[in-house]
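Novice: The structure follows.
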Amino acid sequence: HSSMAEAGDAGKGAELSAAGGDYLKAVWQLSNGGMASPGEIARELGVTAPSVTAMLLKLQRDGLVTYVPYRGADLTPTGRSEALRLVRRHRLLETFLIEDLGFGWDEVHEEAERMEHVMSDRFTERLAQHLGQPAFDPHGDPIPSVDGTLPAGPDVQLADSKVGTRFVVQRVKTQDSDVLLHLTELGVAPGSEVVVLGREPRGNLLYLDHGDGQDFALSRDLAKLILGYPKE
């Protein structure tokens, strides 16, 4: 059983293109224990259906995914190691850019996307050491360890919280800079607390405040992206 670092530096991983790596990460994020459909992958990466088919066939030849035409793809153990190695790099970079360089959390995704493909494992581990081996990035996303294990994170959605709940935000599951900027303006970020005041009857809005009487509304779709736990 080789570590993620060894898997990446030996053989297939070293020759993986940036585009190939992005596909592996997309399959990992979308599959959730099942298969990532070609349509989902195309939407996630902003590419055409034929491009998805061609890349999945290539990644299957390289032993990184299992692909069933029209149904979707799942990662092989080697593909999963490679995907998690890139996710580790990406989330460590985002942490560095925000904590050390003063970037906003809405600005770092594109920067990290460009840099993650050219970093060595040696640099990645120096960076992790410099940051104090964080388990979560500033968005609250779990950072895979070197051996590919993920720290357990919160899985309760704000959207599912009962009226009257004081909810502690721990994770925001999006990289959309407009959404992150909007949430920043509302004061919703990992570490913040919100109180669920009410719901629009049969509707889509949650009414919230920070316990200060200044209420605001969030759509159910956005509230599904916000994970944390109800405070006792």
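The values are calculated or read from the model by the stated rules, or taken from the named source; none is laboratory data. Here the structure is a predicted model, which is why all the values come from computation and not from measurement. In this analysis, Cβ positions are derived from the backbone assuming ideal geometry, glycine residues included, and neighbour counts consider all displayed protein chains. Ligands, DNA and RNA are excluded from the accessible area calculation, which covers all protein heavy atoms including side chains. Shrake-Rupley method; radii C 1.70, N 1.55, O 1.52, S 1.80 Å.
Novice: Please enumerate the residues belonging to the range 184-207 that are touching a helix residue (DSSP H, G or I) at 6+ places or on another chain (Cβ under 8 Å) and open to solvent by less than 40 Å² (accessible area, probe 1.4 Å).
Specialist: As a first pass, look at the range 184-207 and keep what is touching a helix residue (DSSP H, G or I) at 6+ places or on another chain (Cβ under 8 Å): 189, 194, 196, 204-206.
Passing the criteria: A189, V194, V196, L206.
Novice: Another question, then. If a residue must be in a helix (DSSP H, G or I), within 16 Å of A49 (Cβ to Cβ) and touching a residue at least 24 places away in the same chain (Cβ under 8 Å), how many such residues does the range 15-39 contain? Talk me through it step by step, then tell me what you get.
Specialist: Residues of the range 15-39 that are in a helix (DSSP H, G or I), as a first pass: 15, 18-31, 38-39.
Now drop any that are not within 16 Å of A49 (Cβ to Cβ), which leaves 19, 23, 26-27, 30, 38-39.
Filter again for touching a residue at least 24 places away in the same chain (Cβ under 8 Å), leaving 19, 23, 27, 38.
Counting residues in the range 15-39 that are in a helix (DSSP H, G or I), within 16 Å of A49 (Cβ to Cβ) and touching a residue at least 24 places away in the same chain (Cβ under 8 Å) gives 4.
Novice: Still on this structure, I have one more. What is the number of the single condition among (1) more than 19 Å from the chain's Cα centre (by Cα); (2) at pLDDT 90 or above; (3) in a loop (DSSP other than H, G, I, E, B) that R202 does not meet?
Specialist: (2)
Novice: Being among the polar types (S, T, N, Q) and at pLDDT 85 or above is the filter; apply it to the range 10-39 and report the residue that is most open to solvent (accessible area, probe 1.4 Å). Walk me through it before giving the result.
Specialist: Narrowing the range 10-39 to residues among the polar types (S, T, N, Q): 17, 29, 31-32, 37.
If we keep only those that are at pLDDT 85 or above as well, we get 17, 29, 31, 37.
On the way: S17: 59, Q29: 87, S31: 17, S37: 36 Å².
Here the residue is Q29.
Novice: Could you list all residues from the range 129-149 that are more than 19 Å from F96 (Cα to Cα) and either hydrophobic (A, V, I, L, M, F, W, C) or open to solvent by less than 60 Å² (accessible area, probe 1.4 Å) (or both)? Full working, then the answer.
Specialist: From the range 129-149, those more than 19 Å from F96 (Cα to Cα) are 147-149; that's our starting set.
Hit for the range 129-149 is G148, nothing else.
Novice: Search the range 182-211 for residues being in contact (Cβ under 8 Å) with a residue 24 or more places away in the chain and charged (D, E, K, R), and hand back the single one that is farthest from L225 (Cα to Cα).
Specialist: R199
Novice: Further, regarding this structure: Could you tell me which numbered condition A7 fails, if it satisfies all but one of (1) closer than 21 Å to V146 by Cβ; (2) small (G, A, S); (3) modelled with pLDDT under 95; (4) in contact with a strand residue (DSSP E or B) (Cβ under 8 Å, 6 or more places away or on another chain)?
Specialist: (4)
Novice: Got a number for residues in the range 40-67 being open to solvent by 40 Å² or more (accessible area, probe 1.4 Å) and over 23 Å from H109 (Cβ atoms)? Steps first, answer last, please.
Specialist: Looking only at the range 40-67, we keep the residues that are open to solvent by 40 Å² or more (accessible area, probe 1.4 Å), and these are 40, 43-51, 53-54, 57-58, 60-62, 66.
Next, only the ones that are over 23 Å from H109 (Cβ atoms) stay: 49-50, 53-54, 57-58, 60-62, 66.
Total satisfying the criteria: 10.
Novice: Residues that are within 27 Å of G153 (Cα to Cα) and of a type in the set (D, E, K, R), at least 3 per element: which helices (runs of 4 or more DSSP H) completely within the range 47-137 meet that? Spell out the reasoning first.
Specialist: On the way: elements: 49-61, 77-99, 108-116, 121-131.
Result: 77-99, 108-116, 121-131.
Novice: So, one more: Would you please name the residue that is farthest from G21 (Cα to Cα), looking only at residues in the range 88-127 that are small (G, A, S) and either open to solvent by 50 Å² or more (accessible area, probe 1.4 Å) or without any contact (Cβ under 8 Å) to a residue 40 or more places away in the chain (or both)?
Specialist: G102
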